[in-house]
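The values are calculated or read from the model by the stated rules, or taken from the named source; none is laboratory data. All values derive from a computational prediction rather than experimental measurement. Every residue, glycine as well, gets a Cβ built from its backbone with ideal geometry; the counts of neighbours run over all protein chains shown. The area values use the complete protein model at the heavy-atom level, side chains included, leaving out ligands, DNA and RNA. Shrake-Rupley method; radii C 1.70, N 1.55, O 1.52, S 1.80 Å.
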Amino acid sequence: MLKSLGCQKVKGREIVAREYRVAVAGATGAVGRAMRSILEERRFPVKELVALATAKSAGTRLEFAGEEVICQELTPESFKGIDLALFSAGGGTSLKFAPYAKEAGCVVVDNSSAWRMEPNVPLVVPEVNPDDVDWHTGIIANPNCSTIQMVVALKPLHDEAQIKRVVVSTYQAVSGTGAKAINELMQQTTRLLADEAPEIVVYPHQIAFNCLPHIDVFLEDGYTKEERKMVDETKKIMGDDSIAVTATCVRVPVVYGHSESVNLQFARPLSVERAKELLAGAPGVRLVDDPDDKLYPMPIEAAGKDDTYVGRIRVDPTAENALNLWVVSDNLRKGAALNAVQIAELLTQRDLVRVPR
Ligand code: L14
(Lines give C-alpha, C1' and ligand atoms only; values in the text may rest on other atoms or scores of the structure.)
Protein backbone atom coordinates (compact mmCIF):
# COMPACT_ATOMS: atom_id res chain seq x y z
CA MET A 1 0.00 0.00 0.00
CA LEU A 2 2.43 2.64 1.16
CA LYS A 3 5.65 2.86 -0.75
CA SER A 4 8.31 0.61 0.69
CA LEU A 5 10.99 2.44 2.63
CA GLY A 6 13.70 0.62 0.69
CA CYS A 7 16.63 -0.94 2.48
CA GLN A 8 17.73 -0.29 6.02
CA LYS A 9 21.27 -0.77 7.28
CA VAL A 10 21.46 -2.72 10.48
CA LYS A 11 24.91 -3.27 12.01
CA GLY A 12 26.54 -3.22 8.61
CA ARG A 13 24.17 -5.77 7.10
CA GLU A 14 21.68 -4.87 4.42
CA ILE A 15 18.21 -6.04 5.34
CA VAL A 16 15.07 -5.61 3.33
CA ALA A 17 12.63 -3.36 5.19
CA ARG A 18 9.69 -5.30 6.48
CA GLU A 19 6.12 -4.19 6.03
CA TYR A 20 3.41 -4.92 8.55
CA ARG A 21 -0.26 -5.81 8.70
CA VAL A 22 -1.59 -3.24 11.15
CA ALA A 23 -4.97 -3.23 12.89
CA VAL A 24 -6.48 -0.15 14.49
CA ALA A 25 -9.07 -1.10 17.10
CA GLY A 26 -11.39 1.83 17.70
CA ALA A 27 -10.68 3.10 14.19
CA THR A 28 -13.68 5.44 14.01
CA GLY A 29 -12.96 7.26 17.29
CA ALA A 30 -11.11 10.54 17.74
CA VAL A 31 -7.83 8.79 18.61
CA GLY A 32 -8.34 6.07 15.97
CA ARG A 33 -8.67 8.74 13.30
CA ALA A 34 -5.48 10.44 14.52
CA MET A 35 -3.71 7.05 14.51
CA ARG A 36 -4.60 6.49 10.86
CA SER A 37 -3.39 9.90 9.76
CA ILE A 38 -0.17 9.69 11.80
CA LEU A 39 0.65 6.25 10.34
CA GLU A 40 0.28 7.87 6.91
CA GLU A 41 2.19 11.04 7.72
CA ARG A 42 5.15 9.17 9.17
CA ARG A 43 5.10 6.59 6.37
CA PHE A 44 4.89 3.70 8.76
CA PRO A 45 5.56 0.56 6.69
CA VAL A 46 1.95 -0.65 6.43
CA LYS A 47 1.32 -3.62 4.16
CA GLU A 48 -2.36 -3.67 5.04
CA LEU A 49 -4.49 -1.58 7.39
CA VAL A 50 -7.39 -3.32 9.11
CA ALA A 51 -9.92 -0.98 10.73
CA LEU A 52 -11.78 -2.51 13.66
CA ALA A 53 -14.68 -1.08 15.63
CA THR A 54 -17.89 -2.01 17.41
CA ALA A 55 -20.67 -3.80 15.49
CA LYS A 56 -22.44 -0.43 15.29
CA SER A 57 -19.57 1.16 13.34
CA ALA A 58 -18.80 -1.90 11.19
CA GLY A 59 -19.29 -1.07 7.52
CA THR A 60 -18.14 2.54 7.96
CA ARG A 61 -16.01 3.61 5.02
CA LEU A 62 -12.68 5.13 6.02
CA GLU A 63 -9.68 6.23 4.05
CA PHE A 64 -6.10 5.15 4.46
CA ALA A 65 -3.20 6.05 2.15
CA GLY A 66 -5.61 7.08 -0.57
CA GLU A 67 -7.54 3.82 -0.47
CA GLU A 68 -10.90 2.94 0.98
CA VAL A 69 -10.91 0.77 4.08
CA ILE A 70 -14.17 -0.70 5.36
CA CYS A 71 -14.49 -0.96 9.10
CA GLN A 72 -14.91 -4.50 10.44
CA GLU A 73 -16.42 -5.60 13.71
CA LEU A 74 -13.84 -6.31 16.41
CA THR A 75 -14.09 -10.00 17.38
CA PRO A 76 -11.74 -12.52 19.01
CA GLU A 77 -10.84 -13.71 15.47
CA SER A 78 -9.88 -10.24 14.18
CA PHE A 79 -6.14 -10.68 14.75
CA LYS A 80 -5.28 -13.71 12.61
CA GLY A 81 -2.43 -12.69 10.32
CA ILE A 82 -2.10 -9.24 11.91
CA ASP A 83 1.39 -8.22 13.09
CA LEU A 84 0.58 -5.16 15.16
CA ALA A 85 -2.61 -3.74 16.69
CA LEU A 86 -3.07 -0.21 17.96
CA PHE A 87 -5.94 -0.20 20.45
CA SER A 88 -7.96 2.87 21.37
CA ALA A 89 -11.42 1.56 22.08
CA GLY A 90 -11.67 1.95 25.85
CA GLY A 91 -10.41 -0.06 28.79
CA GLY A 92 -13.08 -2.75 28.70
CA THR A 93 -12.41 -3.55 25.05
CA SER A 94 -8.64 -3.66 25.61
CA LEU A 95 -9.02 -5.91 28.62
CA LYS A 96 -11.17 -8.32 26.65
CA PHE A 97 -9.51 -8.32 23.22
CA ALA A 98 -5.79 -7.66 23.76
CA PRO A 99 -5.28 -11.25 25.02
CA TYR A 100 -6.82 -12.62 21.79
CA ALA A 101 -4.43 -10.47 19.77
CA LYS A 102 -1.47 -11.65 21.79
CA GLU A 103 -2.60 -15.28 21.40
CA ALA A 104 -2.71 -14.79 17.61
CA GLY A 105 0.90 -13.52 17.69
CA CYS A 106 -0.10 -9.89 17.20
CA VAL A 107 1.70 -7.26 19.31
CA VAL A 108 -0.63 -4.74 20.95
CA VAL A 109 0.09 -1.07 21.64
CA ASP A 110 -2.75 -0.18 23.97
CA ASN A 111 -3.93 3.35 24.58
CA SER A 112 -6.36 2.54 27.41
CA SER A 113 -5.65 2.48 31.13
CA ALA A 114 -6.39 -1.28 31.32
CA TRP A 115 -2.84 -2.66 31.17
CA ARG A 116 -0.63 0.28 32.14
CA MET A 117 0.26 -0.74 35.67
CA GLU A 118 0.66 -4.49 34.98
CA PRO A 119 4.20 -5.51 35.94
CA ASN A 120 4.80 -7.42 32.67
CA VAL A 121 3.54 -4.56 30.50
CA PRO A 122 6.02 -1.81 29.59
CA LEU A 123 4.60 1.73 29.81
CA VAL A 124 6.51 3.72 27.26
CA VAL A 125 7.19 7.28 26.17
CA PRO A 126 9.90 6.95 23.49
CA GLU A 127 11.71 10.17 24.53
CA VAL A 128 11.89 8.95 28.13
CA ASN A 129 12.17 5.15 28.44
CA PRO A 130 12.56 3.65 24.96
CA ASP A 131 14.48 0.62 26.26
CA ASP A 132 11.43 -0.61 28.18
CA VAL A 133 9.97 -1.89 24.89
CA ASP A 134 12.70 -4.57 24.98
CA TRP A 135 10.95 -6.62 27.67
CA HIS A 136 7.43 -6.59 26.24
CA THR A 137 5.44 -9.83 26.35
CA GLY A 138 2.91 -8.91 23.66
CA ILE A 139 1.27 -5.80 25.12
CA ILE A 140 2.85 -2.37 25.46
CA ALA A 141 0.84 0.37 27.13
CA ASN A 142 0.59 3.97 26.01
CA PRO A 143 0.41 6.22 29.09
CA ASN A 144 -2.33 8.68 29.95
CA CYS A 145 -2.28 11.86 27.85
CA SER A 146 -1.53 14.18 30.79
CA THR A 147 1.28 11.95 32.01
CA ILE A 148 2.96 11.69 28.60
CA GLN A 149 3.40 15.41 28.01
CA MET A 150 4.55 15.99 31.58
CA VAL A 151 7.28 13.32 31.55
CA VAL A 152 8.57 14.52 28.16
CA ALA A 153 9.29 17.85 29.88
CA LEU A 154 10.48 16.32 33.16
CA LYS A 155 12.98 13.82 31.78
CA PRO A 156 15.83 16.20 30.79
CA LEU A 157 15.47 18.11 34.07
CA HIS A 158 15.41 14.90 36.13
CA ASP A 159 18.57 13.62 34.44
CA GLU A 160 20.33 16.85 35.41
CA ALA A 161 19.09 17.68 38.92
CA GLN A 162 16.93 14.74 40.11
CA ILE A 163 13.29 15.56 40.72
CA LYS A 164 12.15 14.93 44.31
CA ARG A 165 8.57 16.21 44.11
CA VAL A 166 6.04 17.25 41.46
CA VAL A 167 2.87 19.28 42.08
CA VAL A 168 0.79 19.41 38.90
CA SER A 169 -2.56 20.92 37.99
CA THR A 170 -4.00 20.14 34.58
CA TYR A 171 -6.31 22.04 32.24
CA GLN A 172 -7.60 19.26 30.01
CA ALA A 173 -9.35 19.51 26.66
CA VAL A 174 -12.68 17.81 26.02
CA SER A 175 -11.37 15.86 22.99
CA GLY A 176 -9.78 13.40 25.47
CA THR A 177 -13.28 12.12 26.13
CA GLY A 178 -13.96 11.70 22.41
CA ALA A 179 -15.98 13.18 19.57
CA LYS A 180 -19.19 13.22 21.63
CA ALA A 181 -17.61 15.56 24.18
CA ILE A 182 -16.39 17.94 21.45
CA ASN A 183 -19.98 18.07 20.19
CA GLU A 184 -21.25 18.69 23.69
CA LEU A 185 -18.95 21.69 24.22
CA MET A 186 -20.04 23.13 20.85
CA GLN A 187 -23.73 22.46 21.50
CA GLN A 188 -23.66 24.01 24.98
CA THR A 189 -21.69 27.04 23.82
CA THR A 190 -24.06 27.64 20.90
CA ARG A 191 -27.15 27.29 23.08
CA LEU A 192 -25.84 29.51 25.85
CA LEU A 193 -24.93 32.24 23.36
CA ALA A 194 -28.50 32.01 22.03
CA ASP A 195 -29.85 32.22 25.57
CA GLU A 196 -31.08 28.61 25.46
CA ALA A 197 -30.63 25.89 28.09
CA PRO A 198 -27.55 23.72 27.43
CA GLU A 199 -28.02 19.96 27.22
CA ILE A 200 -25.86 18.04 29.68
CA VAL A 201 -25.11 14.47 28.54
CA VAL A 202 -21.42 13.58 28.53
CA TYR A 203 -20.09 15.29 31.66
CA PRO A 204 -21.84 15.50 35.03
CA HIS A 205 -22.14 19.29 34.66
CA GLN A 206 -22.09 21.98 32.00
CA ILE A 207 -18.59 22.25 30.50
CA ALA A 208 -19.14 25.38 28.37
CA PHE A 209 -17.92 28.50 30.23
CA ASN A 210 -17.00 26.26 33.17
CA CYS A 211 -14.20 24.15 34.75
CA LEU A 212 -14.78 20.66 36.19
CA PRO A 213 -12.26 19.37 38.76
CA HIS A 214 -13.37 15.85 37.87
CA ILE A 215 -11.79 13.60 35.22
CA ASP A 216 -12.50 9.86 35.20
CA VAL A 217 -14.02 8.46 38.42
CA PHE A 218 -13.50 9.39 42.06
CA LEU A 219 -11.51 6.98 44.24
CA GLU A 220 -11.83 6.32 47.97
CA ASP A 221 -9.09 8.77 48.95
CA GLY A 222 -10.89 11.71 47.32
CA TYR A 223 -8.58 11.86 44.29
CA THR A 224 -9.82 11.02 40.80
CA LYS A 225 -8.51 8.08 38.81
CA GLU A 226 -6.98 10.54 36.32
CA GLU A 227 -4.99 12.09 39.19
CA ARG A 228 -3.95 8.65 40.42
CA LYS A 229 -2.78 7.72 36.90
CA MET A 230 -0.48 10.76 36.82
CA VAL A 231 1.09 9.70 40.13
CA ASP A 232 1.58 5.99 39.35
CA GLU A 233 2.45 6.26 35.68
CA THR A 234 5.07 8.99 36.20
CA LYS A 235 7.00 6.73 38.61
CA LYS A 236 6.78 3.73 36.29
CA ILE A 237 7.88 5.61 33.15
CA MET A 238 10.69 7.50 34.88
CA GLY A 239 11.74 4.26 36.60
CA ASP A 240 11.94 6.06 39.94
CA ASP A 241 9.52 5.28 42.77
CA SER A 242 11.06 7.98 44.94
CA ILE A 243 9.55 10.84 42.90
CA ALA A 244 6.64 12.25 44.90
CA VAL A 245 3.77 13.36 42.65
CA THR A 246 0.50 15.04 43.54
CA ALA A 247 -2.05 16.07 40.91
CA THR A 248 -5.28 17.98 40.43
CA CYS A 249 -6.92 17.28 37.07
CA VAL A 250 -9.40 19.77 35.67
CA ARG A 251 -11.54 19.69 32.52
CA VAL A 252 -11.71 23.05 30.77
CA PRO A 253 -13.73 24.22 27.75
CA VAL A 254 -10.85 23.71 25.29
CA VAL A 255 -11.22 21.38 22.31
CA TYR A 256 -7.66 20.22 21.59
CA GLY A 257 -4.57 20.43 23.81
CA HIS A 258 -3.97 19.82 27.49
CA SER A 259 -2.14 22.41 29.59
CA GLU A 260 -0.34 21.81 32.86
CA SER A 261 1.00 23.99 35.64
CA VAL A 262 3.96 22.03 37.04
CA ASN A 263 5.87 22.80 40.23
CA LEU A 264 9.12 20.88 40.61
CA GLN A 265 11.49 20.40 43.52
CA PHE A 266 14.96 19.06 42.76
CA ALA A 267 17.65 17.34 44.82
CA ARG A 268 20.25 19.67 43.32
CA PRO A 269 20.15 23.33 42.23
CA LEU A 270 18.95 23.98 38.67
CA SER A 271 18.93 27.50 37.24
CA VAL A 272 16.22 28.79 34.94
CA GLU A 273 18.88 29.35 32.28
CA ARG A 274 20.13 25.76 32.49
CA ALA A 275 16.58 24.38 32.53
CA LYS A 276 15.82 26.32 29.36
CA GLU A 277 18.99 25.07 27.72
CA LEU A 278 18.14 21.46 28.61
CA LEU A 279 14.55 21.77 27.42
CA ALA A 280 15.58 23.49 24.18
CA GLY A 281 17.75 20.47 23.36
CA ALA A 282 15.37 17.77 24.56
CA PRO A 283 13.68 15.42 22.08
CA GLY A 284 10.00 16.15 21.52
CA VAL A 285 10.17 19.48 23.38
CA ARG A 286 9.69 22.95 21.98
CA LEU A 287 10.72 25.78 24.29
CA VAL A 288 8.41 28.81 23.96
CA ASP A 289 9.36 31.18 26.74
CA ASP A 290 9.57 34.85 25.88
CA PRO A 291 7.14 36.72 28.12
CA ASP A 292 8.40 40.11 26.90
CA ASP A 293 7.09 39.17 23.48
CA LYS A 294 3.97 37.55 25.02
CA LEU A 295 5.23 34.15 23.95
CA TYR A 296 4.23 31.13 26.01
CA PRO A 297 2.65 27.77 25.17
CA MET A 298 -1.08 27.74 24.43
CA PRO A 299 -3.38 24.87 23.45
CA ILE A 300 -4.64 26.59 20.29
CA GLU A 301 -1.06 26.60 19.03
CA ALA A 302 -0.07 23.12 20.20
CA ALA A 303 -3.17 21.62 18.53
CA GLY A 304 -2.22 19.59 15.47
CA LYS A 305 1.49 19.64 16.37
CA ASP A 306 3.76 16.86 17.55
CA ASP A 307 5.89 18.67 20.12
CA THR A 308 5.33 19.25 23.80
CA TYR A 309 5.53 22.99 24.37
CA VAL A 310 7.19 24.27 27.55
CA GLY A 311 7.41 27.83 28.86
CA ARG A 312 6.87 30.16 31.83
CA ILE A 313 9.97 28.66 33.43
CA ARG A 314 10.71 30.49 36.66
CA VAL A 315 12.14 30.05 40.12
CA ASP A 316 9.79 29.07 42.93
CA PRO A 317 11.35 31.03 45.80
CA THR A 318 9.19 29.31 48.44
CA ALA A 319 11.12 26.02 48.39
CA GLU A 320 14.72 24.91 47.93
CA ASN A 321 15.76 24.06 44.36
CA ALA A 322 12.28 24.58 42.96
CA LEU A 323 11.00 25.69 39.56
CA ASN A 324 7.61 26.31 37.98
CA LEU A 325 6.73 25.53 34.38
CA TRP A 326 3.80 25.46 31.97
CA VAL A 327 3.51 22.45 29.66
CA VAL A 328 1.12 22.16 26.69
CA SER A 329 0.62 19.44 24.09
CA ASP A 330 -1.98 18.03 21.70
CA ASN A 331 -3.67 15.33 23.77
CA LEU A 332 -4.82 13.35 20.72
CA ARG A 333 -1.36 13.38 19.12
CA LYS A 334 1.54 13.17 21.62
CA GLY A 335 -1.00 12.32 24.33
CA ALA A 336 -2.35 9.34 22.41
CA ALA A 337 -1.98 8.49 18.71
CA LEU A 338 1.50 9.88 18.02
CA ASN A 339 3.03 8.28 21.10
CA ALA A 340 1.45 4.94 20.13
CA VAL A 341 2.85 5.15 16.59
CA GLN A 342 6.28 6.13 17.97
CA ILE A 343 6.16 3.00 20.15
CA ALA A 344 5.30 0.97 17.04
CA GLU A 345 8.28 2.56 15.25
CA LEU A 346 10.57 1.58 18.13
CA LEU A 347 9.31 -1.99 17.81
CA THR A 348 10.07 -2.09 14.10
CA GLN A 349 13.52 -0.55 14.57
CA ARG A 350 14.37 -3.17 17.20
CA ASP A 351 12.74 -6.07 15.36
CA LEU A 352 10.35 -6.61 18.27
CA VAL A 353 7.11 -6.92 16.30
CA ARG A 354 6.47 -10.45 17.54
CA VAL A 355 5.01 -12.00 20.66
CA PRO A 356 7.70 -13.82 22.65
CA ARG A 357 6.82 -17.45 23.33
O1 L14 B 1 -6.24 7.35 28.76
O2 L14 B 1 -10.09 12.90 28.82
O3 L14 B 1 -6.59 7.10 30.84
O4 L14 B 1 -11.83 11.86 29.54
C5 L14 B 1 -9.09 8.59 30.38
C6 L14 B 1 -9.86 9.91 30.46
C7 L14 B 1 -7.85 9.46 28.41
C8 L14 B 1 -8.61 10.76 28.49
C9 L14 B 1 -6.82 7.67 29.80
C10 L14 B 1 -10.68 11.86 29.17
C11 L14 B 1 -7.76 8.86 29.78
C12 L14 B 1 -9.95 10.56 29.10
Check your understanding: By DSSP, what percent of the beta bridges with both residues in the chain are antiparallel, rounded to the nearest 5?
Key -> 50
Revision key, fill the gap. Distance in Å, no decimals, from the C-alpha centre of region 140-166 to the one of region 89-138 is 19
Exercise for review: Anything over 18 Å Cα to Cα? Flag those among K155/K334; K305/K334; K225/K305, in the order listed.
Suggested key: K225/K305
Practice item. Can you work out the accessible area per residue across the chain, with the rest of the protein chains kept in place, probe 1.4 Å, in square angstrom? Key: 45
**Study point:** Column: log10 I(q)/I(0), Debye, Cα scatterers of region 70-166, q = 0.11, 0.22 Å⁻¹
**Key:** -0.38, -1.11
Review point. When you count, for each residue, the other Cβ atoms within 10 Å and take the mean per peptide, how do 203-209, 329-335 rank with the highest first?
Key: 329-335, 203-209
Check your understanding: 222 nm [θ] for the chain, helices only, -39500 (n - 2.57) per DSSP H run of 4+, per residue, to 500?
Key -> -8500 deg cm²/dmol
Study note, to complete from the structure: As straight-line cross-link partners of K56, the qualifying aspartates and glutamates (C-alpha separation under 18 Å, not fewer than 8 residues apart within one chain) are E73, E77
Check your understanding: Given N residues in region 223-330, what is Rg(Cα) / (2.2 N^0.38 Å)?
Key -> 1.11
Exercise for review: Can you tell me the relative contact order of the chain? Whole percent, Cα pairs under 8 Å, sequence separation 6 or more.
Suggested key: 18
Check your understanding: How long is the gain from K225 to L192 if the chain were fully straight, where each residue apart is worth 0.36 nm and the alpha carbon distance is subtracted?
Key -> 8.8 nm
**Study point:** Convex hull volume of region 18-93 per residue (C-alpha atoms, cubic angstrom)
**Key:** 85
Practice item. Could you work out how far the C-alpha centroid of region 204-248 sits from that of region 304-357, in angstrom? Key: 17
Check your understanding: What number in nm² do you get for region 277-357 if you take the convex hull of its Cα atoms and divide its surface by four?
Key -> 8.3
Review point. Accessible surface of E118 in the full protein assembly, 1.4 angstrom probe, to the nearest 10 Å²?
Key: 80
Study note, to complete from the structure: Projected onto their principal axes, the Cα atoms of region 162-257 stretch, largest extent first, over whole-Å spans of 51, 27, 19
Practice item. Based on the mean of other Cβ atoms within 10 Å per residue, sort peptides 155-166, 79-90 so the most packed one is first. Key: 79-90, 155-166
Point to revise | Rounded percent of accessible protein surface that carbon and sulfur make up, region 201-357, 1.4 Å probe | key: 51
Study note, to complete from the structure: Cα pairs beyond 22 Å in region 120-194, in percent, come to 48
Point to revise | Distribution of pairwise C-alpha distances over region 54-118, 5 Å bins, in % | key: 4, 17, 23, 25, 20, 8, 2, 0
Check your understanding: Going from the alpha-carbon gyration tensor of region 161-207, what semi-axes, largest first and in whole Å, does one get by taking the root of 5 times each eigenvalue?
Key -> 33, 11, 9
Check your understanding: Between D290 and E345, what FRET efficiency comes out of the Förster formula 1/(1 + (r/R0)^6) with R0 = 30 Å and r the beta carbon distance, rounded to 0.05?
Key -> 0.40
Exercise for review: Under a 10 Å cutoff between Cα atoms, tell me which one of P126, P299, P269 has the largest fluctuation in the Gaussian network model of the chain.
Suggested key: P269
**Study point:** Using a Förster distance of 22 Å, the FRET efficiency for N324-A267 (Cβ separation, nearest 0.05)
**Key:** 0.80
Check your understanding: What does the convex hull of the Cα atoms come to per residue for the chain, in Å³?
Key -> 168
